[in-house]
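The structure under discussion appears below in the form of structure tokens.
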Amino acid sequence: MGRAALRSAALVFVLLVAGIAHAADEEPAPKVLKDLQVGLLPGGQLFRPFIADPRWPHFAAAYQYYLNERDITHVGAVSFGETFTLYRERAGRGWWEVGVQAGVFAVFDLAAESKDLINADYVVGLLGGYRYGSFSALGRLFHQSSHVGDEFLIGNRVRNRVNLSYESVDLRLSYEFFRDAFRVYGGGGFLFDQEPASLRPWSLQWGAEFRSPWPGPDSAWRPIAGIDMQNREENDWHVDISARAGVQFEGVLVSRNLQLLLEYFRGHSPNGQFYKQKLDYLGLGVHFHF
């Protein structure tokens with residue numbers, strides 16, 4: 001990992017530790033939205049979805065222009081999935097919950113005659129969430145498998161196909177400040193039962209987000225932005241950068257949020273068996289969160 005990335009990750013960790021200590025000292029009222037309840041199927045989530053994470057399960061469609069690919073330039077990226085809370089209860093002044101998370105992430109070659117499917121990743125898992133004031137945490141146990149599209153496989157004569165699949169455990173910590181306008185987060189993960197077996201297991205994720213308090217609490221829209229950094233042992237800890245910024249429209253279908261975001265990604269591909277390939281793209285996407 002480069003020194004600059006290491007310093008940035010250390011800064012995020014310091015902010016998280018300071019935020020946790022502050023949350024413990026201030027004894028705030030539980031920060032759970034009014035429409036969230038305890039018990040079975042309460043709705044909503046204690047841990048906010050990441051804005052810029054390219055593999056956070058939700059409904060989305062985006063156009064991506066690959067800057068460093070000769071054979072693939074115009075790409076359509078879609079995802080289907082969500083996080084569902086099964087049970088929530090109080091824990092002193094905080095809250096805890098358990099739930100499930102599932103998603104499908106697919107990319108298509110829009111320049112191909114039949115819009116060939118390039119790759120599809122399938123994710124499903126269990127999660128546990130916790131929130132106390134401005135501090136929240138999310139732990140997950142999940143499975144991911146990846147599949148290359150048949151037409152793309154034949155047309156591009158792909159050799160040595162990698163049937164990437166693994167189980168993973170991870171933990172993310174998050175702290176929000178300045179009236180929840182800013183957020184920092186960080187954590188790590190570990191792979192097991194992975195294929196190929198030589199895939200090295202450790203990873204880091206860290207980042208920051210901004211959700212504008214303007215135009216006001218009753219506004220139907222607000223600017224948002226996020227930057228997500230990931231480092232994987234498999235790729236010698238080189239940083240993968242995903243940045244998104246745009247507008248969030250709130251209260252869509254009562255409690256949903258619709259986001260229109262410009263996207264930029266640079267790093268190793270998040271798409272299945274292409275995890276060792278460098279990828280650099282610009283995009284425009286529509287994202288829908290429950």
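Nothing in this text is a laboratory measurement; each read-out follows from the coordinates by a stated rule. Remember, predicted model here, so these are calculated numbers, not experimental data. Cβ atoms come from the backbone with ideal geometry, glycine included; neighbour counts cover every protein chain shown.
Would you grab the residues whose amide H sits under 5 Å from the one on residue 67? Only those 5+ places off in sequence or on another chain, please, with H modelled 1.01 Å from N.
280, 281, 282
Just to be sure I understand the model, the point goes 7 Å from the Cα along the line to the Cβ. What's the resulting residue 115 to residue 278 distance in nm?
Taking the simple label geometry, residue 115 and residue 278 are separated by 3.2 nm.
In nm, give the distance between the simple-model label positions of residue 87 and residue 126, each being 7 Å from the Cα along the Cα-to-Cβ direction.
The two pseudo-label positions are separated by 1.1 nm.
Sticking with the crude label model, points 7 Å out along Cα→Cβ, report the distance from residue 161 to residue 104 in nm, one decimal please.
1.7 nm
When the Cα centres of segment 179-195 and segment 248-290 are compared, how far apart do they sit, in Å?
Centre-to-centre (Cα) distance: 17 Å.
Across segment 262-269, in residue order, what do the Karplus-derived ³J(HN,Hα) couplings come to in whole Hz, using 6.51 cos²θ - 1.76 cosθ + 1.60 with θ = phi - 60° and x for Gly and Pro?
For segment 262-269, the Karplus-derived couplings read 7, 10, 9, 9, 8, x, 7, 4 Hz, x marking Gly and Pro.
Can you run phi through the Karplus equation (6.51, -1.76, 1.60; θ = phi - 60°) for segment 104-117 and list ³J(HN,Hα) in whole Hz, with x for Gly and Pro?
10, 10, 10, 10, 10, 7, 6, 7, 6, 4, 10, 6, 4, 6
Report the gain in length on full extension from residue 181 to residue 67: 0.36 nm times residue separation, minus Cα-Cα distance, nm rounded to one decimal.
Length gained between residue 181 and residue 67: 37.8 nm.
Calculate the FRET efficiency for residue 141 and residue 266 from the Cβ-Cβ distance with a Förster distance of 45 Å, rounded to the nearest 0.05.
My answer for the efficiency is 0.90.
Give, in nm to one decimal, the length gained when the segment between residue 151 and residue 237 is fully stretched (0.36 nm per residue of separation minus the Cα-Cα distance).
27.7 nm
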